[in-house]
Amino acid sequence: MQNYPTLILFCLLGLLFTQCSTVKSVAQQDDDGWAEMFNGKDIEDWTTKIHHYEVGDNYGDTFRVEDGIIKVRYDKYEGDFNERYGHLFYNTPYSYYHLIIEYRFVGELHPGAPGYTIKNSGVMFHSQDPNTILKEQDWPISVEMQFLAGLEEGKSRPTGNMCSPGTDVVYEGKIDPRHCINSTSKTYYGDQWVRAEAIVLGSSLVTHIVNGEKVLEYSNPQIGGGVANRYDPAIKIDGKLLKEGFIGLQSEGQPIDFRKVSIKNLKGCMDPKAKNYKSYYIEPDAENCKY
């Protein structure tokens, strides 16, 4: 004889499980894709490279985490700055993505740092692997979204500019010979937080956004140009388009804080039948589709 109450209970549980599974599937598909590169606790997912030091040597505790913030500081340095330009690289390379960084300048320029580095920092992208950066190489071959703050009231000093150590970009239809191209951003003074975004589409289009406003756009990032010195010649293949690379926060003598570093990967499986399909992908990666 059937136990109808028990049977009904099982049916209800089965229905609930099905509904939950459906909800989970929809939630996964509608996930907006944003991921925190900085976990607010440590920089274990990052690698340091400071000029004059080997990869992984975070000299003077240059990059540190305090109060849920990545802080760039020089209070443990001995002597002058001595061109100890540094970068903190995230360990995963990306190709197509939307990056968000919130930063603020604090404190005073370290003694001996070049004058142009006052209230100056940035984020490097499409960078060479930090493990290929030589000990005496000053800048990684990369593209930089440069961060600046105002120094004099009424005197423009935009942020979100493009700088190109060992690289070139196409701006307004041709390769631009300038090392840095200014954005159209406002000038931000003091220690206020600024939200910087970069939408990087492989070797095609790059867009800079500052506090919600598009301030610069260029294309075809590629190896070339100068500024970077003492690199491995095998790495610098001029004219080679940069389709992907590493992302690195900069240190060049000015204390700065980073409280948010988020990324939305735009490259992935674009087959709706796959388990890891996402509607926001714009660049296919069929090899990684899972069924």
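Throughout, read-outs are computed from the coordinates displayed, never taken from laboratory work. The model shown is predicted, which means the values in this text are computed figures rather than measured ones. When we count neighbours, we look across all protein chains shown, and the Cβ atoms used for this are built from the backbone with ideal geometry, even at glycine.
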Give me the distance in nm between label points sitting 7 Å out from Cα along the Cα-to-Cβ direction at residue 153 and residue 129, one decimal.
5.2 nm
Projecting each Cα onto the charge dipole of the chain (Lys/Arg +1, Asp/Glu -1 at the beta carbon, about the Cα centre), which of 177, 202, 82 comes out farthest on the positive side?
202
Of 130, 216, 116, whose Cα points farthest to the positive end of the dipole of the chain (charges on the beta-carbon: +1 Lys, Arg; -1 Asp, Glu; origin at the Cα centre)?
216
Output the relative contact order of the chain, whole-number percent, from Cα pairs under 8 angstrom with separation of 6+ residues.
25 percent
Taking 0.36 nm per intervening residue step and subtracting the Cα-Cα distance, what contour gain separates residue 83 from residue 262 on full extension?
61.5 nm
For the Cα atoms of the chain, what angle does the longest principal axis make with the long axis of helix 4-30, in degrees from 0 to 90, nearest 10?
20 degrees
What trypsin sites (Lys or Arg not before Pro) does the range 148-198 have in DSSP loop regions with at most 10 other beta carbons within 10 Å?
155
Out-of-range pairs (alpha-carbon distance over 20 Å; input 41/278; 155/186; 71/135; 71/119)
41/278; 71/135
Applying 1/(1 + (r/R0)^6) with R0 = 22 Å to the Cβ-Cβ distance of residue 108 and residue 52, what FRET efficiency is obtained, to the nearest 0.05?
0.50
Given the chain, what percent of its DSSP beta bridges are antiparallel, to the nearest 5?
95 percent
Computed from these coordinates, which is mean projected area of the Cα convex hull in nm²: (i) 20.1; (ii) 17.9; (iii) 21.1?
(i)
For the range 74-103 the GluC sites (Glu not before Pro) that pass both the DSSP coil test and the at-most-16 other-Cβ-within-10 Å test are 78, 83
Treating only the Cβ atoms of Lys and Arg (+1) and Asp and Glu (-1) as charged, compute the dipole magnitude of the chain about its Cα centre; round to the nearest 20 debye.
680 debye
By a straight-distance test (C-alpha under 15 Å), which aspartates and glutamates pair with residue 290 as possible cross-link partners, with residues fewer than eight away in the same chain excluded?
271
Show log10 I(q)/I(0) for the range 78-138 at q = 0.19, 0.20, 0.22 Å⁻¹, two decimals, from a solvent-free Debye sum over equal Cα scatterers.
-0.96, -1.02, -1.13
Using the 10 angstrom Cβ neighbour count as an exposure proxy, how do 75, 57, 168 rank, fewest first?
75, 57, 168
Cross-link reach from residue 264 to aspartates and glutamates, straight Cα distance under 12 Å and at least 8 residues apart if same chain, gives 31, 32, 36, 197
